Every structure is written in structure tokens, then in C-alpha cells.
1. When the dipole is taken about the Cα centre of the stretch 10-129, and only Lys, Arg (+1) and Asp, Glu (-1) are charged at their Cβ, what size is it in debye, to the nearest 20?
2. Expressed as a whole percentage, what fraction of the accessible surface of the chain belongs to carbon and sulfur atoms when a 1.4 Å probe is rolled over the protein heavy atoms?
3. Taking the Cα centre of the chain as the origin, how large is its charge dipole in debye, to the nearest 20, when only Lys and Arg (+1) and Asp and Glu (-1) carry charge on their Cβ atoms?
4. Whenever you get a sec, line up Asp99, Asp23 from highest to lowest accessible area (probe 1.4 Å, protein heavy atoms).
5. Could you tell me how far the Cα centroid of the stretch 133-197 sits from the Cα centroid of the stretch 81-121, in Å?
6. Under 10 Å from the Cβ of Gly17, count the other residues' Cβ atoms, weight Lys and Arg +1, Asp and Glu -1, and hand me the total.
7. Report relative contact order for the stretch 60-201 in percent, whole number only (criteria: Cα-Cα under 8 Å, sequence separation at least 6).
8. Would you mind getting the accessible area per residue of the stretch 118-237, heavy atoms of the protein chains only, 1.4 Å probe, in Å²?
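The values are calculated or read from the model by the stated rules, or taken from the named source; none is laboratory data. Computed from a predicted structure; not experimentally measured. Methodologically, a virtual Cβ is constructed for each residue, glycine included, from the backbone with ideal geometry; neighbour enumeration extends over all protein chains shown. These accessible areas exclude ligands, DNA and RNA; they are computed on the full protein's heavy atoms, side chains included. Shrake-Rupley method; radii C 1.70, N 1.55, O 1.52, S 1.80 Å.
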Amino acid sequence: MQLRLVRHATLELDIDGTRFLVDPMLDPEGARPPIQNTPTDDRNPTAPFPSVDLDAVDAVVVTHLHEDHIDDTARDRIDGVPVFCQPEDTDDLEASFDDVRPVSGLVEFEDITIAATPARHGTGDLAEQMGPVTGFLFEGTETTYVAGDTVWYGPVGDVLTQHEPDTVVVNTGEAQFVEGDPITMSRAGVASVADITDGEVVAVHMESINHCLCTREDLREHLEDEGVENVTIPADGERV
């Protein structure tokens, strides 16, 4: 498996010769206003968009419908490939794409088995307000776990222990509003994931949206302090 972080949560996953584009946020830098009720007022995305060869994409995966995971530019530009999603998002995505495939149970695509995994986009009442979100597990010659927008909680650990993925992608950045706890993986959560898995952890979802306050350097310093060594923090556009 090869992984390229495009930007934020947008990934190119090359698994056994099949290329998945995960959570396509294709808007140019500064195209959207800041997320409301958040600590900063920078326009989004806050980082430029590295190029993506959409003609080379075999399928798209959307973990949930927030604009930093599927935006209008992606809806306009992506065409002619299957779009895998959580069942709750099917009707919305069918308004933009011709071949929407909700993942319930196990789904086969090009010799890759795709399964949905539980996720919780925050804690307490805030998690309910954020709406449903899903992670995805890709089983080929290796196992790749894309956890999605989730905090660290029991079911994430269950996926790690039950499936023993070779690669784990976690969305960090500690996205948060003016009040309340982070709604994505915290620094401590990333360390917990790394502690429970023998695979390589890839930390993304930083320095691209105005309410993601944990930078790559913040995360790197925390992991060094904790003695965590199996986490990769790629730059935008970097292949790992």
C-alpha cells in the first residue's frame, strides 16, 4: 500500500494497484469562510491544494458530509467512478454522483474488501450534533484502517486489536469550537492509537482548516515527549 496525503483528510490510497481518493476537499485556498464559533477567523482551506490526477482515481471514499471532507469543487469535478460512503449519506451524494455505494457489512471492489468502522465525532451532546461519521477498513494484501473524524474511544481500540492493521490513518488537529473538547483525535489520542497497534500510524488533518489548532510541530513534540516512534506526520502532498 502507498499513501499520499493531499491535504487535510484528503488521501490517495494505492492498494494492490487500485487507487482510492478519500474525503476529497478540492477547493482552492481561502475559498470558504471560517467555521463559525471557532477560535480563529482564517478563511478555509487555510493551505493551498496540491495537484491530484483525478483521471487515475478508481473510486472515492467519503467518511461524512462536512465540507472539509467533500466540498462543492469535488462534487463538480469528480465523475464516472464509484463513491463509497456511510448509508446515512447516500441520498445526499446521489444528488452529485451517479454511482454511490453505501457500505454496510463487507463490500468488495477490485479484490479489496471494504468495511465500515465505528467513529465518534466529539464527546457528549456535541458528538450527536456533529452527525454520523464512519471510518473505513481496507483489506488487500495489507490492511489499512482510515479512522475518520473520531476521538479516541473504545471502538477504535477494538478495531485495532481485532484487525491488526498494517497502517492506521488518524485525523487529528484537535478541531474544536470556542467551547467544548476537541472533536477529532487529540495528541493523547494519537499516542493511545500508536501504543495499541504494531502498525504504522499516519497522522493527518492538520494546518488546513481554521479550527484545527494542533499543528504538526505540536503533535511531533508531544509524541517525542511520550517516546512514541511509530507515527508518521506527512506534509501536504507527501507520499509515505
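1. Numbers: 7 positive and 29 negative charges, 65 e Å.
So the dipole magnitude of the stretch 10-129 works out to roughly 320 debye.
2. Working: 4130 of 10240 Å².
Carbon and sulfur together cover 40 percent of it.
3. Working: 13 positive and 51 negative charges, 50 e Å.
That gives a dipole near 240 debye.
4. Details: Asp99 55, Asp23 0 Å².
Reading off the accessible areas and sorting them downward yields Asp99, Asp23.
5. So the separation of the two Cα centres works out to 19 Å.
6. Values: positive: Arg19; negative: Asp14, Asp16, Asp58, Glu110, Asp111.
Value of the local net charge: -4.
7. Working: 274 pairs, mean separation 23.9, N = 142.
Relative contact order comes out at 17 percent.
8. Working: 4860 Å² over 120 residues.
The answer is 40 Å² per residue.
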